[in-house]
2 protein chains.
Amino acid sequence: MTDSAFLRACRGEPVPHTPVWFMRQAGRSLPEYRAVRANVPMLASCRTPELVVEITLQPLRRYGVDAAVLFSDIVVPLQAVGVGLDIVAGVGPVIEEPVRRAADLARLRPLTPDDVPDVSASVTALVDELGGTPLIGFAGAPFTLASYLVEGGPSRNHERTKALMYGEPATWHALLDRLADIALGFLQVQVAAGAAAVQLFDSWAGVLSAADYRRYVLPHSAKVLGGLAGGGVVPRIHFGVGTGELLGLLAEAGADVVGVDWRVPLDAAAGRVGPGRALQGNLDPAVLFAPWGAVAAKAREVLAAGKAADGHIFNLGHGVLPDTDPRVLERLVELVHAESAR
Amino acid sequence: MTDSAFLRACRGEPVPHTPVWFMRQAGRSLPEYRAVRANVPMLASCRTPELVVEITLQPLRRYGVDAAVLFSDIVVPLQAVGVGLDIVAGVGPVIEEPVRRAADLARLRPLTPDDVPDVSASVTALVDELGGTPLIGFAGAPFTLASYLVEGGPSRNHERTKALMYGEPATWHALLDRLADIALGFLQVQVAAGAAAVQLFDSWAGVLSAADYRRYVLPHSAKVLGGLAGGGVVPRIHFGVGTGELLGLLAEAGADVVGVDWRVPLDAAAGRVGPGRALQGNLDPAVLFAPWGAVAAKAREVLAAGKAADGHIFNLGHGVLPDTDPRVLERLVELVHAESAR
């Protein structure tokens with residue numbers, strides 16, 4: 001498996017073809033996913049190994065993707081350490097008691113393997129089922145977790161989060177330090193159970209300027225990514241949407257692979273990230289709604305620009321949109337493999 | 001009035017103090033606005049001169065801002081040429097019959113002054129009331145108008161818009177050409193009635209890569225901005241949120257002033273926009289929710305970075321958020337004026 005195209009590309013080594021997987025490849029775009037989830041709430045499905053294994057494998061059966069990604073949710077580790085929350089359909093995560101004062105931090109203890117035996121079981125079973133296909137572990141980054149906790153749910157403008165960050169920097173850094181421990185613990189569980197790579201997903205980091213990201217966020221994401229370095233290291237992917245201004249800092253935080261959204265061409269991104277790091281991306285998921293000829297042309301542009309990187313993993317620039325036609329993703333995998341084969 | 005700090009800054013001339021106004025300064029953050037709008041639907045309020053005048057003047061009475069901005073909405077000119085639509089509270093614009101085929105374009109005729117006598121009347125009355133304070137006219141840019149028309153309302157991912165853009169480029173360009181005529185006609189009415197400057201607002205342009213913006217959008221925004229050039233020219237401000245990758249192209253489209261959101265510091269933006277163009281921005285509107293000391297520190301950073309530009313108009317990096325405390329904006333205007341005074 002260490003010789004798989006995906007892991008070779010993460011390390012910047014020559015590959016037989018450009019590896020490809022899709023963020024949110026397991027999800028609502030698949031009818032078999034909607035069938036399995038019909039009567040199961042989101043968090044329950046994330047905590048039930050049989051369902052996690054089934055949902056994680058569903059896209060592998062359809063597409064010849066080069067990696068699986070653990071089916072989970074950004075808030076799972078928060079729930080695991082005792083934060084009262086739910087994922088409400090059509091809304092997103094809802095936090096029972098938002099975190100807004102230093103006194104609230106006591107509710108955020110480190111995550112241990114005993115908090116998520118189901119996750120260990122899911123990963124172990126998946127690694128067994130997957131054979132030579134690598135499984136990517138997954139966690140939300142401290143800033144994105146903080147935004148959910150402080151706002152109490154999804155937020156368009158992150159007013160309360162930023163008010164805390166700018167107004168009470170000591171509380172802010174203490175909060176992000178605790179969230180770094182939780183995210184790191186969650187990823188360590190997955191790596192210990194056999195995940196071959198991890199992706200740290202900082203969904204909302206793109207709402208910050210580079211100077212603020214460096215000051216208020218980078219040290220904490222670096223703690224997560226740095227905590228995974230050392231013997232038996234797995235490649236670390238670091239991604240956030242709308243992070244064109246931050247690409248160099250996402251790398252600096254300790255990424256082996258930087259995920260790029262569609263706003264920045266991969267050749268430009270390679271310059272911002274610097275040498276020795278691979279890139280992941282970056283076809284606009286909305287392009288998949290155009291006729292196939294337009295999809296193919298855009299995919300070829302991504303492959304061409306990806307040659308500038310020290311390793312390229314083809315992906316979308318953000319998650320698969322729910323109304324995406326799975327047959328288009330199937331053709332896209334075939335195109336990426338065929339046109340990049342040496 | 002041509003000697004006002006605002007217009008001098010637009011032209012890159014020396015100013016007695018850095019001028020300041022706020023996008024969406026007239027709006028839900030003001031209790032007197034909520035009172036006036038209590039029983040009046042959004043579109044009706046935009047089409048009633050007495051209300052437009054009152055709402056446009058409300059922030060002038062509170063804050064010592066250096067410019068007024070016409071109270072209107074991006075979809076007003078679409079309604080004026082006969083597109084069936086409404087603005088639904090909590091949702092945004094809803095288009096009765098979305099535009100998705102070449103045959104739909106016939107519904108989009110050019111806008112003439114006779115379509116918006118109320119807008120002419122509002123601007124004329126405002127210019128009279130405002131005395132020496134400049135009034136900024138306002139229109140949505142072709143891409144943003146197209147997104148509403150094609151999607152049928154606000155959209156997170158703009159799938160249908162991009163599918164049309166990539167899949168049927170001839171229809172796309174014909175659509176944007178018609179929308180350019182409508183936006184230009186709407187701005188010409190405002191300038192003819194006495195608006196001292198205009199802002200072309202491309203809310204969603206930041207969802208495009210630079211290459212796609214250049215190919216599919218820039219020629220049409222250039223038609224709008226270019227149509228306002230010539231004798232008796234007024235300064236043209238061009239703004240979209242999340243447009244760090246596009247700043248040079250927003251300038252190239254024909255802007256005298258480029259609006260910048262908070263993700264890119266103004267000194268970096270000045271380099272991307274090039275010499276001879278002023279900048280507008282760019283305090284993060286979410287910062288206003290932090291304690292005053294943090295607001296003041298951030299505002300000083302904006303003022304310092306703005307010195308790199310050939311003219312700086314202080315503004316937020318996006319519109320005033322509804323829960324903003326008006327007293328903070330009041331203090332902010334005082335700070336900008338006091339600290340920039342020569």
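Quick notes
- The residues of region B:291-318 that are under 19 Å from B:A278 (Cβ atoms), at the interface with chain A (Cβ under 10 Å from one of its Cβ atoms) and not in a helix (DSSP H, G or I), listed by number, are B:G317, B:H318.
- Single residue of region A:138-160 satisfying the filter (part of a loop (DSSP other than H, G, I, E, B) and in contact with a Gly (Cβ under 9 Å, 6 or more places away or on another chain)) that is farthest from A:G84 (Cα to Cα): A:A141
- Residues considered: A:A174, A:A180, A:A163. Of these, the only one that is farther than 17 Å from A:P93 by Cβ, in a helix (DSSP H, G or I) and within 14 Å of chain B (Cβ to nearest Cβ) is A:A163.
- Scanning region B:205-231 for residues that are more than 20 Å from B:K162 (Cβ to Cβ) and touching a residue at least 24 places away in the same chain (Cβ under 8 Å) yields a count of 8.
Residues are listed down the side, and each one gets a yes or a no for (1) within 14 Å of chain A (Cβ to nearest Cβ); (2) crowded, with 21+ Cβ neighbours inside 10 Å; (3) touching a Cys at 6+ places or on another chain (Cβ under 6 Å); (4) outside any helix (DSSP H, G or I):
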position	(1), (2), (3), (4)
B:P219	no, no, no, no
B:A255	no, yes, no, yes
B:R263	yes, yes, no, yes
B:D267	yes, no, no, no
B:A270	no, yes, no, no
B:P275	no, no, no, yes
B:V320	yes, yes, no, yes
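- A count restricted to region A:256-276 and to residues that are within 20 Å of the chain's Cα centre (by Cα) and touching a residue at least 40 places away in the same chain (Cβ under 8 Å) stands at 11.
- Residues of region B:183-203 satisfying the condition of being modelled with pLDDT of 95 or more, part of a loop (DSSP other than H, G, I, E, B) and crowded, with 21+ Cβ neighbours inside 10 Å: B:A193, B:A195, B:A196, B:D202
- Restricting A:S122, A:S155, A:S147 to residues that are among the polar types (S, T, N, Q) and either surrounded by fewer than 16 Cβ atoms within 10 Å (Cβ to Cβ) or more than 18 Å from the chain's Cα centre (by Cα) (or both) narrows the list to A:S155.
- Positions within region B:16-31 being assigned to a loop (DSSP other than H, G, I, E, B) and out of contact with any Asp or Glu (no Cβ under 9 Å at 6 or more places or on another chain), in sequence order: B:P16, B:F22, B:M23, B:R24, B:Q25, B:A26, B:G27, B:L30
- All of A:G64, A:G27 fail the test of being surrounded by fewer than 22 Cβ atoms within 10 Å (Cβ to Cβ), small (G, A, S), in contact with a Phe, Trp or Tyr (Cβ under 7 Å, 6 or more places away or on another chain) and closer than 30 Å to A:P16 by Cα, apart from A:G27.
- Selection within region B:299-342 - β-branched (V, I, T), within 19 Å of B:C10 (Cβ to Cβ) and in contact (Cβ under 8 Å) with a residue 60 or more places away in the chain: B:I313, B:V333, B:V336
- Test result for A:F138, within 14 Å of another protein chain (Cβ to nearest Cβ), under 30 Å from A:V65 (Cα atoms) and in contact (Cβ under 8 Å) with a residue 40 or more places away in the chain: no
- Residue count for region B:241-253, restricted to those that are crowded, with 23+ Cβ neighbours inside 10 Å and more than 11 Å from chain A (Cβ to nearest Cβ): 4.
- Condition met for A:E159 (within 30 Å of B:V264 (Cβ to Cβ), at pLDDT 95 or above and of a type outside the set (A, V, I, L, M)): yes
- Boolean, B:P154 is under 25 Å from B:R101 (Cβ atoms), in contact with a strand residue (DSSP E or B) (Cβ under 9 Å, 6 or more places away or on another chain) and within 14 Å of chain A (Cβ to nearest Cβ): yes
- Within region B:327-342, the set of residues being surrounded by fewer than 19 Cβ atoms within 10 Å (Cβ to Cβ) and not acidic (D, E) comprises B:R327, B:V328, B:R331, B:L335, B:A338, B:A341, B:R342.
- Within the set B:R101, B:R61, the sole residue that is among the basic types (K, R) and under 30 Å from B:E334 (Cβ atoms) turns out to be B:R61.
- Just so you know, in region A:277-290 the residues that are aliphatic (A, V, I, L, M) and in a helix (DSSP H, G or I) include one that is farthest from the other protein chains (Cβ to nearest Cβ), and it is A:L288.
- Single condition B:H238 does not satisfy, out of (1) within 13 Å of chain A (Cβ to nearest Cβ); (2) outside any helix (DSSP H, G or I): (1)
The values are calculated or read from the model by the stated rules, or taken from the named source; none is laboratory data. In this text the structure is predicted, and so the values were computed from the model without any measurement. Cβ: placed from backbone, ideal geometry, glycine included. Neighbour counts: every protein chain shown.
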